[in-house]
1. Does S187 satisfy the criteria of being of a type in the set (S, T, N, Q), crowded, with 21+ Cβ neighbours inside 10 Å and closer than 26 Å to L314 by Cα?
2. If you check S182 against the conditions, is it within 20 Å of T199 (Cβ to Cβ) and not hydrophobic (A, V, I, L, M, F, W, C)?
3. Mind counting the residues in the stretch 31-55 that are in contact (Cβ under 8 Å) with a residue 60 or more places away in the chain and surrounded by fewer than 17 Cβ atoms within 10 Å (Cβ to Cβ)?
4. Hey, can you tell me all the residues within the stretch 191-221 that are closer than 15 Å to L158 by Cα, surrounded by fewer than 20 Cβ atoms within 10 Å (Cβ to Cβ) and out of contact with any helix residue (DSSP H, G or I) (no Cβ under 8 Å at 6 or more places or on another chain)?
5. Considering only the stretch 174-218, how many residues are of a type in the set (G, A, S) and under 20 Å from S262 (Cβ atoms)?
6. Restrict the check to the stretch 130-148 and report whether at least one residue is free of Cβ contacts under 8 Å to residues at least 24 places away in the same chain and either touching a Pro at 6+ places or on another chain (Cβ under 7 Å) or assigned to a helix (DSSP H, G or I) (or both).
7. Could you say which residue among T247, T252 is at pLDDT 95 or above and either assigned to a helix (DSSP H, G or I) or buried (at least 17 other Cβ atoms within 10 Å of the Cβ) (or both)?
8. Based on this model, can you work out whether P128 counts as surrounded by fewer than 18 Cβ atoms within 10 Å (Cβ to Cβ), more than 16 Å from the chain's Cα centre (by Cα) and at pLDDT below 95?
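The values are calculated or read from the model by the stated rules, or taken from the named source; none is laboratory data. All values derive from a computational prediction rather than experimental measurement. Heads up, the Cβs are rebuilt from the backbone with ideal geometry, glycines too, and the neighbour counts pull from every protein chain shown.
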Amino acid sequence: MEKRYLGNSGLAVSRIGLGTMTWGRDTDEHEAADQLRSYLDAGGSFLDTAAIYGDGDSERVIGGFLGSLVARSEITIATKAGLSHPGGVRTVNNSRGSLLADLDASLARLGVDYVDLWQIHTWDETVPLEETLSALDYAVSSGRTRYVGVSNFLAWQLARSATIQNPLFGKAIITSAQSEYSLLNRSIERELMPAADATGVGLIAWSPLGRGVLSGKYRGGLPSDSRGASPHYSSFISPYLEARARTIVDATMVAAQGLGYSPIEVSLAWVRDTPGIASALVGARTGAQLRGILTVEEIALPDQVRDALNEISLSSLSI
(Lines give C-alpha, C1' and ligand atoms only; values in the text may rest on other atoms or scores of the structure.)
Protein backbone atom coordinates (compact mmCIF):
# COMPACT_ATOMS: atom_id res chain seq x y z
CA MET A 1 0.00 0.00 0.00
CA GLU A 2 1.28 3.43 -0.92
CA LYS A 3 2.41 5.77 1.85
CA ARG A 4 2.16 9.53 1.86
CA TYR A 5 3.80 12.18 4.00
CA LEU A 6 1.56 14.13 6.36
CA GLY A 7 1.90 17.70 5.14
CA ASN A 8 5.43 19.01 5.34
CA SER A 9 6.46 16.51 8.02
CA GLY A 10 8.61 13.41 7.75
CA LEU A 11 5.78 11.17 8.99
CA ALA A 12 4.62 8.84 6.22
CA VAL A 13 1.28 7.07 6.67
CA SER A 14 -0.63 4.52 4.62
CA ARG A 15 -3.00 6.24 2.23
CA ILE A 16 -5.75 4.03 3.63
CA GLY A 17 -5.81 4.09 7.42
CA LEU A 18 -7.61 1.62 9.67
CA GLY A 19 -10.15 3.23 11.98
CA THR A 20 -10.82 1.37 15.24
CA MET A 21 -13.73 3.30 16.74
CA THR A 22 -15.84 0.18 17.23
CA TRP A 23 -13.09 -2.09 18.58
CA GLY A 24 -13.77 -3.38 22.05
CA ARG A 25 -17.44 -2.44 21.88
CA ASP A 26 -19.25 -3.47 18.68
CA THR A 27 -16.21 -5.35 17.36
CA ASP A 28 -14.78 -7.99 19.69
CA GLU A 29 -11.10 -8.90 19.93
CA HIS A 30 -11.32 -11.90 17.58
CA GLU A 31 -12.99 -9.84 14.85
CA ALA A 32 -10.57 -6.96 15.43
CA ALA A 33 -7.64 -9.37 15.08
CA ASP A 34 -9.03 -10.61 11.77
CA GLN A 35 -9.34 -7.02 10.57
CA LEU A 36 -5.81 -6.15 11.60
CA ARG A 37 -4.37 -9.22 9.84
CA SER A 38 -6.24 -8.34 6.67
CA TYR A 39 -5.06 -4.74 6.83
CA LEU A 40 -1.44 -5.73 7.42
CA ASP A 41 -1.62 -8.27 4.59
CA ALA A 42 -2.76 -5.46 2.30
CA GLY A 43 0.36 -3.50 3.23
CA GLY A 44 -1.31 -1.05 5.60
CA SER A 45 0.35 0.21 8.78
CA PHE A 46 -1.66 3.23 10.03
CA LEU A 47 -4.05 2.68 12.98
CA ASP A 48 -6.31 5.47 14.19
CA THR A 49 -7.89 5.38 17.65
CA ALA A 50 -8.87 7.75 20.48
CA ALA A 51 -9.11 7.76 24.25
CA ILE A 52 -12.89 7.99 23.97
CA TYR A 53 -13.38 5.04 21.62
CA GLY A 54 -15.17 2.37 23.62
CA ASP A 55 -14.17 4.27 26.78
CA GLY A 56 -10.60 3.23 26.12
CA ASP A 57 -11.34 -0.34 25.01
CA SER A 58 -10.19 0.36 21.44
CA GLU A 59 -6.74 1.26 22.73
CA ARG A 60 -6.69 -1.77 25.04
CA VAL A 61 -7.48 -4.08 22.12
CA ILE A 62 -4.73 -2.54 19.99
CA GLY A 63 -2.29 -2.85 22.88
CA GLY A 64 -3.08 -6.55 23.12
CA PHE A 65 -2.06 -7.03 19.50
CA LEU A 66 1.31 -5.34 19.75
CA GLY A 67 4.04 -7.93 19.89
CA SER A 68 1.68 -10.80 19.07
CA LEU A 69 0.15 -9.77 15.72
CA VAL A 70 2.45 -6.91 14.80
CA ALA A 71 5.69 -5.41 16.08
CA ARG A 72 5.43 -1.92 17.53
CA SER A 73 8.06 -0.68 15.10
CA GLU A 74 5.98 -1.81 12.11
CA ILE A 75 2.83 0.13 12.97
CA THR A 76 1.96 3.82 13.11
CA ILE A 77 -0.42 4.59 15.97
CA ALA A 78 -2.50 7.76 16.09
CA THR A 79 -4.73 8.59 19.03
CA LYS A 80 -6.71 11.60 20.28
CA ALA A 81 -7.49 13.33 23.57
CA GLY A 82 -9.77 15.93 25.08
CA LEU A 83 -13.19 14.37 24.52
CA SER A 84 -15.14 12.16 26.91
CA HIS A 85 -18.69 11.10 27.81
CA PRO A 86 -18.92 10.98 31.62
CA GLY A 87 -22.43 9.91 32.56
CA GLY A 88 -23.36 9.94 28.88
CA VAL A 89 -22.72 13.68 28.57
CA ARG A 90 -20.41 14.84 25.79
CA THR A 91 -17.60 16.74 27.49
CA VAL A 92 -14.67 18.61 25.93
CA ASN A 93 -11.67 19.47 28.11
CA ASN A 94 -8.55 20.71 26.38
CA SER A 95 -6.84 21.97 29.50
CA ARG A 96 -3.17 21.08 29.72
CA GLY A 97 -3.65 18.81 32.74
CA SER A 98 -6.61 16.95 31.28
CA LEU A 99 -4.98 16.40 27.90
CA LEU A 100 -1.75 15.06 29.36
CA ALA A 101 -3.69 12.80 31.73
CA ASP A 102 -5.58 11.45 28.70
CA LEU A 103 -2.30 10.84 26.90
CA ASP A 104 -0.73 8.98 29.82
CA ALA A 105 -3.86 6.83 30.14
CA SER A 106 -3.74 6.09 26.40
CA LEU A 107 -0.10 5.04 26.61
CA ALA A 108 -0.93 2.73 29.52
CA ARG A 109 -3.83 1.11 27.68
CA LEU A 110 -1.75 0.68 24.54
CA GLY A 111 1.21 -0.60 26.54
CA VAL A 112 3.65 1.67 24.71
CA ASP A 113 6.08 4.44 25.62
CA TYR A 114 4.96 6.72 22.81
CA VAL A 115 2.43 7.16 20.02
CA ASP A 116 3.37 8.31 16.55
CA LEU A 117 0.66 10.95 16.21
CA TRP A 118 -1.26 12.58 19.07
CA GLN A 119 -4.24 14.74 18.15
CA ILE A 120 -6.53 17.19 19.92
CA HIS A 121 -9.92 15.55 19.33
CA THR A 122 -11.95 18.73 18.91
CA TRP A 123 -11.95 22.47 19.63
CA ASP A 124 -12.58 23.68 23.17
CA GLU A 125 -13.91 27.23 23.37
CA THR A 126 -13.54 27.36 27.16
CA VAL A 127 -9.76 26.85 27.36
CA PRO A 128 -7.19 29.30 25.96
CA LEU A 129 -5.68 27.84 22.81
CA GLU A 130 -2.15 28.61 24.03
CA GLU A 131 -2.72 26.35 27.04
CA THR A 132 -4.02 23.54 24.85
CA LEU A 133 -1.07 23.82 22.49
CA SER A 134 1.39 23.82 25.39
CA ALA A 135 0.31 20.23 26.04
CA LEU A 136 1.39 19.33 22.50
CA ASP A 137 4.79 20.87 23.10
CA TYR A 138 5.28 18.95 26.32
CA ALA A 139 4.08 15.67 24.79
CA VAL A 140 6.71 15.95 22.05
CA SER A 141 9.56 17.18 24.25
CA SER A 142 8.90 14.43 26.82
CA GLY A 143 8.94 11.70 24.16
CA ARG A 144 5.31 10.71 24.61
CA THR A 145 4.55 11.34 20.95
CA ARG A 146 6.57 11.84 17.79
CA TYR A 147 4.12 14.17 16.00
CA VAL A 148 1.00 16.15 16.88
CA GLY A 149 -2.14 17.23 15.10
CA VAL A 150 -5.71 18.40 15.48
CA SER A 151 -9.09 16.92 14.67
CA ASN A 152 -12.45 18.45 13.77
CA PHE A 153 -11.06 22.01 13.78
CA LEU A 154 -12.48 24.75 11.60
CA ALA A 155 -10.18 26.42 9.10
CA TRP A 156 -9.50 29.50 11.25
CA GLN A 157 -8.85 27.29 14.28
CA LEU A 158 -6.33 25.23 12.32
CA ALA A 159 -4.66 28.33 10.86
CA ARG A 160 -4.32 29.96 14.26
CA SER A 161 -2.96 26.78 15.84
CA ALA A 162 -0.46 26.19 13.05
CA THR A 163 0.70 29.81 13.23
CA ILE A 164 1.25 29.69 16.99
CA GLN A 165 3.16 26.41 16.67
CA ASN A 166 6.02 28.01 14.75
CA PRO A 167 9.11 25.76 14.92
CA LEU A 168 11.31 28.87 14.91
CA PHE A 169 10.12 29.39 18.48
CA GLY A 170 10.72 25.77 19.50
CA LYS A 171 7.08 24.78 19.13
CA ALA A 172 5.79 21.34 18.13
CA ILE A 173 4.61 21.64 14.53
CA ILE A 174 0.97 20.87 13.73
CA THR A 175 1.45 17.95 11.38
CA SER A 176 -2.10 16.89 10.58
CA ALA A 177 -5.75 17.85 10.63
CA GLN A 178 -8.40 15.15 10.70
CA SER A 179 -11.87 15.92 9.39
CA GLU A 180 -14.87 14.29 7.79
CA TYR A 181 -14.78 14.17 4.00
CA SER A 182 -16.74 12.23 1.40
CA LEU A 183 -18.96 12.68 -1.63
CA LEU A 184 -21.74 13.35 0.89
CA ASN A 185 -19.78 15.92 2.89
CA ARG A 186 -17.41 18.24 1.05
CA SER A 187 -17.55 21.18 3.43
CA ILE A 188 -13.79 21.13 4.08
CA GLU A 189 -13.14 22.14 0.48
CA ARG A 190 -14.37 25.66 1.14
CA GLU A 191 -11.82 26.74 3.76
CA LEU A 192 -10.11 23.90 5.61
CA MET A 193 -8.34 22.43 2.59
CA PRO A 194 -6.87 25.78 1.55
CA ALA A 195 -5.84 26.48 5.16
CA ALA A 196 -4.13 23.10 5.45
CA ASP A 197 -2.33 23.63 2.16
CA ALA A 198 -1.17 27.12 3.17
CA THR A 199 0.16 25.93 6.53
CA GLY A 200 1.76 22.70 5.32
CA VAL A 201 -0.62 20.48 7.28
CA GLY A 202 -1.64 17.03 6.01
CA LEU A 203 -5.33 16.09 5.89
CA ILE A 204 -6.69 12.82 7.23
CA ALA A 205 -10.23 12.08 6.05
CA TRP A 206 -12.62 10.25 8.35
CA SER A 207 -15.85 8.64 7.16
CA PRO A 208 -14.88 8.67 3.46
CA LEU A 209 -17.80 6.33 2.79
CA GLY A 210 -20.32 8.89 4.01
CA ARG A 211 -20.84 7.10 7.34
CA GLY A 212 -21.43 3.90 5.36
CA VAL A 213 -24.30 5.32 3.30
CA LEU A 214 -22.27 5.39 0.05
CA SER A 215 -22.06 1.59 0.18
CA GLY A 216 -25.67 1.60 -1.02
CA LYS A 217 -26.85 -0.64 1.81
CA TYR A 218 -29.44 1.89 2.98
CA ARG A 219 -31.15 2.34 -0.40
CA GLY A 220 -33.84 -0.19 0.42
CA GLY A 221 -34.32 0.78 4.05
CA LEU A 222 -32.51 0.32 7.36
CA PRO A 223 -30.85 -3.13 7.65
CA SER A 224 -31.25 -4.53 11.15
CA ASP A 225 -27.53 -5.37 11.40
CA SER A 226 -26.32 -1.98 10.16
CA ARG A 227 -24.81 0.88 12.14
CA GLY A 228 -27.85 2.93 11.22
CA ALA A 229 -29.97 0.57 13.28
CA SER A 230 -27.52 0.59 16.20
CA PRO A 231 -28.41 2.67 19.27
CA HIS A 232 -24.86 4.04 19.24
CA TYR A 233 -24.90 5.26 15.64
CA SER A 234 -28.49 5.83 14.48
CA SER A 235 -28.31 9.61 14.98
CA PHE A 236 -24.87 9.59 13.32
CA ILE A 237 -26.21 7.97 10.14
CA SER A 238 -29.65 9.57 9.81
CA PRO A 239 -28.52 12.98 8.40
CA TYR A 240 -27.16 11.16 5.34
CA LEU A 241 -30.39 9.36 4.53
CA GLU A 242 -32.09 12.44 3.05
CA ALA A 243 -33.19 12.85 -0.56
CA ARG A 244 -30.15 14.87 -1.67
CA ALA A 245 -27.87 12.12 -0.36
CA ARG A 246 -29.83 9.51 -2.30
CA THR A 247 -29.06 11.37 -5.53
CA ILE A 248 -25.34 11.10 -4.85
CA VAL A 249 -25.61 7.46 -3.76
CA ASP A 250 -27.51 6.61 -6.94
CA ALA A 251 -24.84 8.30 -9.07
CA THR A 252 -22.13 6.37 -7.25
CA MET A 253 -23.98 3.12 -7.85
CA VAL A 254 -24.31 3.88 -11.56
CA ALA A 255 -20.59 4.70 -11.81
CA ALA A 256 -19.67 1.51 -9.97
CA GLN A 257 -21.84 -0.62 -12.21
CA GLY A 258 -20.38 0.93 -15.35
CA LEU A 259 -16.80 0.38 -14.17
CA GLY A 260 -17.34 -3.08 -12.71
CA TYR A 261 -16.36 -1.83 -9.25
CA SER A 262 -18.25 -1.73 -5.99
CA PRO A 263 -19.77 1.58 -4.80
CA ILE A 264 -17.42 1.38 -1.81
CA GLU A 265 -14.40 1.24 -4.12
CA VAL A 266 -15.66 4.20 -6.14
CA SER A 267 -16.45 6.34 -3.08
CA LEU A 268 -13.19 5.57 -1.31
CA ALA A 269 -11.02 6.02 -4.40
CA TRP A 270 -12.61 9.42 -4.96
CA VAL A 271 -11.58 10.59 -1.47
CA ARG A 272 -8.19 8.86 -1.45
CA ASP A 273 -7.10 10.54 -4.67
CA THR A 274 -8.34 14.03 -3.85
CA PRO A 275 -5.34 16.40 -3.82
CA GLY A 276 -4.34 17.24 -0.26
CA ILE A 277 -5.68 14.07 1.34
CA ALA A 278 -2.82 12.15 2.94
CA SER A 279 -4.90 9.26 4.28
CA ALA A 280 -8.52 8.13 4.29
CA LEU A 281 -9.68 6.19 7.35
CA VAL A 282 -11.93 3.18 6.97
CA GLY A 283 -13.66 1.05 9.56
CA ALA A 284 -15.54 -2.21 9.27
CA ARG A 285 -17.67 -4.55 11.34
CA THR A 286 -15.96 -7.71 10.12
CA GLY A 287 -12.72 -8.85 8.56
CA ALA A 288 -14.56 -9.93 5.43
CA GLN A 289 -16.09 -6.49 5.10
CA LEU A 290 -12.68 -4.85 5.48
CA ARG A 291 -11.13 -7.12 2.86
CA GLY A 292 -13.85 -5.99 0.47
CA ILE A 293 -12.99 -2.35 1.21
CA LEU A 294 -9.24 -2.81 0.77
CA THR A 295 -9.65 -3.95 -2.83
CA VAL A 296 -9.74 -0.22 -3.57
CA GLU A 297 -5.93 -0.40 -3.70
CA GLU A 298 -6.27 -2.16 -7.04
CA ILE A 299 -8.22 0.60 -8.78
CA ALA A 300 -8.13 4.23 -9.85
CA LEU A 301 -11.09 6.25 -11.12
CA PRO A 302 -11.05 7.48 -14.73
CA ASP A 303 -10.99 11.29 -14.89
CA GLN A 304 -14.37 11.38 -16.62
CA VAL A 305 -16.02 9.44 -13.80
CA ARG A 306 -14.36 11.57 -11.15
CA ASP A 307 -15.50 14.75 -12.90
CA ALA A 308 -19.07 13.46 -13.18
CA LEU A 309 -19.22 12.57 -9.49
CA ASN A 310 -17.78 15.99 -8.64
CA GLU A 311 -20.51 17.72 -10.60
CA ILE A 312 -23.37 15.62 -9.24
CA SER A 313 -22.29 15.85 -5.63
CA LEU A 314 -21.67 19.61 -5.81
CA SER A 315 -25.09 20.20 -7.37
CA SER A 316 -26.74 18.23 -4.55
CA LEU A 317 -24.74 19.71 -1.65
CA SER A 318 -24.22 23.18 -0.25
CA ILE A 319 -20.55 23.22 0.74
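1. Details: of a type in the set (S, T, N, Q): yes; crowded, with 21+ Cβ neighbours inside 10 Å: no; closer than 26 Å to L314 by Cα: yes.
Spelling it out, it is not the case that S187 is of a type in the set (S, T, N, Q), crowded, with 21+ Cβ neighbours inside 10 Å and closer than 26 Å to L314 by Cα.
2. Numbers: within 20 Å of T199 (Cβ to Cβ): no; not hydrophobic (A, V, I, L, M, F, W, C): yes.
Considered against the rule, which asks whether it is within 20 Å of T199 (Cβ to Cβ) and not hydrophobic (A, V, I, L, M, F, W, C), S182 comes out as no.
3. Count: 2.
4. Across the stretch 191-221, the qualifying residue is only D197.
5. Keep residues of the stretch 174-218 that are of a type in the set (G, A, S), which gives 176-177, 179, 182, 187, 195-196, 198, 200, 202, 205, 207, 210, 212, 215-216.
Keeping just the survivors that are under 20 Å from S262 (Cβ atoms) gives 182, 205, 207, 210, 212, 215-216.
Adding up the residues that qualify gives 7.
6. If we filter the stretch 130-148 for residues that are free of Cβ contacts under 8 Å to residues at least 24 places away in the same chain, which is where we start, we get 142.
Retained after the next criterion (residues that are either touching a Pro at 6+ places or on another chain (Cβ under 7 Å) or assigned to a helix (DSSP H, G or I) (or both)): none.
No, the stretch 130-148 contains no residue that is free of Cβ contacts under 8 Å to residues at least 24 places away in the same chain and either touching a Pro at 6+ places or on another chain (Cβ under 7 Å) or assigned to a helix (DSSP H, G or I) (or both).
7. Numbers: T247 fails: at pLDDT 95 or above.
The match here is T252.
8. Working: surrounded by fewer than 18 Cβ atoms within 10 Å (Cβ to Cβ): yes; more than 16 Å from the chain's Cα centre (by Cα): yes; at pLDDT below 95: no.
No: the conditions fail for P128.
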